[in-house]
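The next block holds one structure in the form of structure tokens; read it before the comments.
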Amino acid sequence: MPATSPISRCDPQAVIIRHGSDPHALVQILRELQAELGWLPREALTRVATALGLTLAEVEGVAGFYRFLHLRPVGRYRVLFSDNITDRMLGSEALLQALCRQLGVVPGAIVGDDPLVSVDRCSCTGLCDQGPALLVNHHQVVTRLDATRVAQMAELIRTRVPVPAWPAEWSLVEDRIERADVLLASPPAQGAALAAAIARGPQGLLVEIERSGLRGRGGAGFGTGRKWALCRKAAGTGRVVVCNADEGEPGTFKDRVLLSRHADAVFEGMTLAAFAIGARTGFVYLRGEYRFLLEQLEAVLQQRRAAGLLGSSICGVAGFDFDIVIHLGAGAYVCGEESSLLESLEGKRGNPRVRPPYPTESGYLGQPTIVNNVETFCAVTAITLRGAAWWAAIGTAQSSGTRIHSVSGDCARPGLYEYPFGTSIRRILEDCGAADTQAVQVGGPSGVCVAVNEFDRSIAFEDVPSAGAFMVFDRQRDMFEVARSFTHFFAHESCGFCTPCRVGTALLVRRMDKLAAGHGSPHDLDALFEIDRLLRGSSHCGLGATAGNPLRETFNRFRPAYERRLRSLHLIPGFDLDAEVSIARQVTGRDDPAAHLEQQG
Amino acid sequence: MNPSASLKLPDGRRRLRLATTSLAGCFGCHMSFLDIDERLLMLIERVDFDRSPFTDFKKIGHCDIGLVEGGLCSVENVQVLREFRAHCRTLVAVGACAINGGLPAQRNHLDLGQILAEVYRERPGLAPGSAVPDDPELPLLLNRVHPIHEVVQVDYFLPGCPPSADAIWSFLNDLMDGRTPHLGHGLIRYD
């Protein structure tokens, strides 16, 4: 598209009207506009602002927040390499450099007013079991990258072949289910759980979910039944059910498979929640990286509406009205935090809210709201169908049921593994064909790092809790580099709202990079832990509070990986000191000993 | 300020040695130090001054406490700072410039070569043939001004521009009495 007057190619009015001129749909409107225009010219934003009754500053503020929205042209082809540690372990960095070389571009750089292509890195795209992966134009994915695919891609881009015309097998996303238990085995018959719930009544369903002991699968492990009961009891009219499908924790991809294969069970779980708490409105917050799932998910919703499982008088029950809208994210990890997610749903920047009040009291547009993970809703459907006692008999005392693990990294068979809670890490490693393992990162960068001597520990809220990621590292891997990569991830994803996180995550990165560059001393370690302490004590939300976890977790277990980077007992500057005198030397023409500085004094 | 004074205090404690210096600073922190006024007399009951603008000693000996005002803008600043670090058990960054680079660091967004050229060669009114001074006795400037903690380990930071006399007094007393310095509300300030 030409940079001059791109607006002529698209009418913002149509997109705005499609969303009922609702300012709360701002993120969706901007996403759709950008999909047509390639970027968001000020002219378009001004029209959006006027039509929605917002100011240009508000609209630009929102557009500027999300990484997948652009206020300047980023190329007809926007290529984002997934930059999770598992992609790197599969060689993503060399492939990125190769593509850039072949296209004559610099990673991260955007040159000119109407570039053909820009290539950059993005956080994990949730394709760790079939990486290295990349995302094109915030829509299509390419999996299993190799040198051949990259060379062909460079040619397709050079010859301006539209992305939908690229080889279909490139964007093939496999659902690799390596071990299925009660959730992954076979999806329940559509509507069966709803029929069971209607027979029990809302209160009966609530009691059943509470009795099952089900805890939220997003990571925090809050009792699902309790959350629903709080929401049902909360003052105020209107209730909202939100499915958190913003699966952003690097190394996690179970929700992608559940949405792709068991969407019916997820939507049914949401409808059950609506029945229990009396909600009429439902949202799925689908991460932008999973845009490729949108059409098939919409089709399932449409099919459920046709079957009387969504809409008015569901299953013929008068007054049981509920429908689901899918809202797409736009590349912000922090929106996986439930209050940021609600802000984003309301069309705002995804800054976390102050809690309390919790969403169960005041959530979407101030209405009592429950936010649950994709897997939680699947479990709800299974429990409603087969009973609380059946579910509670699986797993451990405080962790009932099963947990789906997204296994990736150094193992023969990456993919999804569903086990009852209480399964040992050793068992999972054996099943996935991991050899010579030195560590497992459980639950993603904000989770726990487990070393060899702890492999008999089990995954459960009582022992090692997990948000679903299970990244395996063998003895060839440098655990310092693993931690450094995670630290970069948090700095990249900090929303910038609070100073401790915005500055603290950048300071962590700077010190870790200093160690990596060979300028480390014990003083740098002290400084790292001091920053971590500050982050934990003063950040506004969990992102900042957990940003130091990779450092602490790996330092406690792989201390020599840090120590061998310490070059001196004394502090060494993190920059080349002698190079700092270069300009003065050049200007004065001096080169005497006093015109130089040693790196270490 | 008599270096030959007794090494022991009447209560048996050892007298402490204190050194101070101003690097890329304005001496404002030192002026603020002098603002402790008559409390200076109490201070010299307990410490001996080593290298400092107050003594005009040119070389530093082994010290308990080193107070550093100002950031690093030249090769000489780096050398003095390293001498202080090597000789002081406890090194303190005093004031905005030592801690953040402060006012001198305002030049960091400009190119040093251009600054020198404009000042010494291109400014109107210069004598013909004017050049950037290149005498080996002159310390060369660094490309950018740095806070001192980027080059040596700093044990404590005493913020303020300058820190008030009361803040300096409270800080020194904490240090001398073995308490972790804690300025707290009222004394801690960054301007």
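The values are calculated or read from the model by the stated rules, or taken from the named source; none is laboratory data. Since this is a predicted model, take the numbers as computed values, not measurements. Cβ sites come from the backbone with ideal geometry, for glycine too, and all protein chains shown count toward neighbours. Please note that ligands, DNA and RNA were not included when accessible areas were found on the heavy atoms of the full protein model with its side chains. Shrake-Rupley method; radii C 1.70, N 1.55, O 1.52, S 1.80 Å.
The figures follow:
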item: Of all residues making up segment A:229-276, the number that are assigned to a helix (DSSP H, G or I) and at positive phi; result: 0
item: Selection status of A:ALA330, among the hydrophobic types (A, V, I, L, M, F, W, C), more than 24 Å from A:ARG280 (Cβ to Cβ), in the same structural domain as A:SER260 (by TED's automatic domain parsing) and assigned to a helix (DSSP H, G or I); result: no
item: Flag for A:GLY548 being under 22 Å from A:ALA483 (Cα atoms), open to solvent by less than 40 Å² (accessible area, probe 1.4 Å) and within 14 Å of another protein chain (Cβ to nearest Cβ); result: no
item: Some residue of segment A:323-336 being more than 29 Å from A:GLY542 (Cα to Cα) and touching a Phe, Trp or Tyr at 6+ places or on another chain (Cβ under 9 Å); result: no
item: Number of positions in segment B:54-86 that are over 14 Å from the mean Cα position of the chain (by Cα), more than 12 Å from chain A (Cβ to nearest Cβ) and open to solvent by less than 60 Å² (accessible area, probe 1.4 Å); result: 4
item: Only listed residue being within 27 Å of B:GLU83 (Cβ to Cβ), facing chain A (nearest Cβ under 9 Å) and charged (D, E, K, R), chosen from B:ASP134, B:ASP111, B:ASP155; result: B:ASP134
item: Condition check for A:GLU563: buried (at least 21 other Cβ atoms within 10 Å of the Cβ) and either of a type outside the set (S, T, N, Q) or more than 10 Å from chain B (Cβ to nearest Cβ) (or both); result: no
item: Residues of segment A:360-377 that turn out to be open to solvent by less than 10 Å² (accessible area, probe 1.4 Å) and either in the same structural domain as A:ALA25 (by TED's automatic domain parsing) or not in a strand (DSSP E or B) (or both), as a count; result: 6
item: Residues (surrounded by fewer than 18 Cβ atoms within 10 Å (Cβ to Cβ) and in contact with a strand residue (DSSP E or B) (Cβ under 8 Å, 6 or more places away or on another chain)) located in segment A:290-304; result: A:PHE292, A:LEU294, A:GLU298
item: Cβ-Cβ under 8 Å pairs, at least 6 apart or on other chains, segment A:578-601 side more than 7 Å from every other protein chain (Cβ to nearest Cβ) and in contact (Cβ under 8 Å) with a residue 12 or more places away in the chain, far side open to solvent by 40 Å² or more (accessible area, probe 1.4 Å) and not in a helix (DSSP H, G or I); result: A:ASP578/A:HIS596; A:ASP578/A:GLU598; A:ASP578/A:GLN599; A:GLN599/A:ASP576; A:GLN600/A:HIS570
item: Which listed residue, of A:VAL119, A:VAL79, is touching a Leu at 6+ places or on another chain (Cβ under 9 Å), closer than 24 Å to A:GLU174 by Cβ and β-branched (Val, Ile, Thr); result: A:VAL79
item: Residues located in segment A:90-107, provided they are open to solvent by less than 40 Å² (accessible area, probe 1.4 Å), within 30 Å of A:VAL442 (Cα to Cα) and out of contact with any Phe, Trp or Tyr (no Cβ under 6 Å at 6 or more places or on another chain); result: A:GLY91, A:LEU95
item: Residues that are of a type in the set (Ser, Thr, Tyr) and surrounded by fewer than 24 Cβ atoms within 10 Å (Cβ to Cβ), drawn from segment A:67-87; result: A:TYR77
item: Residue within segment A:500-514 that is open to solvent by 70 Å² or more (accessible area, probe 1.4 Å), outside the structural domain of A:VAL464 (by TED's automatic domain parsing) and without any contact (Cβ under 8 Å) to a residue 24 or more places away in the chain present; result: yes
item: Search result, residues across segment A:109-126 that are part of a loop (DSSP other than H, G, I, E, B), open to solvent by less than 40 Å² (accessible area, probe 1.4 Å) and small (Gly, Ala, Ser); result: A:ALA109, A:SER123, A:GLY126
item: Filtered residues of segment A:566-577 (kept if open to solvent by less than 30 Å² (accessible area, probe 1.4 Å) and more than 10 Å from chain B (Cβ to nearest Cβ)); result: A:SER568
item: Unique residue being surrounded by 23 or more Cβ atoms within 10 Å (Cβ to Cβ) and either on the phi < 0 side of the Ramachandran plot or of a type in the set (Ser, Thr, Tyr) (or both) when the list is A:LEU156, A:LEU134; result: A:LEU134
item: Qualifying position, being out of contact with any strand residue (DSSP E or B) (no Cβ under 6 Å at 6 or more places or on another chain) and within 24 Å of A:ARG88 (Cα to Cα), among A:ALA434, A:ALA412; result: A:ALA412
item: Number of the exception - A:ARG144 against (1) surrounded by fewer than 19 Cβ atoms within 10 Å (Cβ to Cβ); (2) within 22 Å of the chain's Cα centre (by Cα); (3) under 27 Å from A:ALA265 (Cβ atoms); result: (3)
item: Segment B:87-105, subset among the hydrophobic types (A, V, I, L, M, F, W, C) and assigned to a strand (DSSP E or B), residue farthest from the other protein chains (Cβ to nearest Cβ); result: B:VAL94
item: Candidate set: segment B:112-165, residues that are part of a loop (DSSP other than H, G, I, E, B) and β-branched (Val, Ile, Thr); chosen: the one nearest to B:LEU34 (Cα to Cα); result: B:VAL154
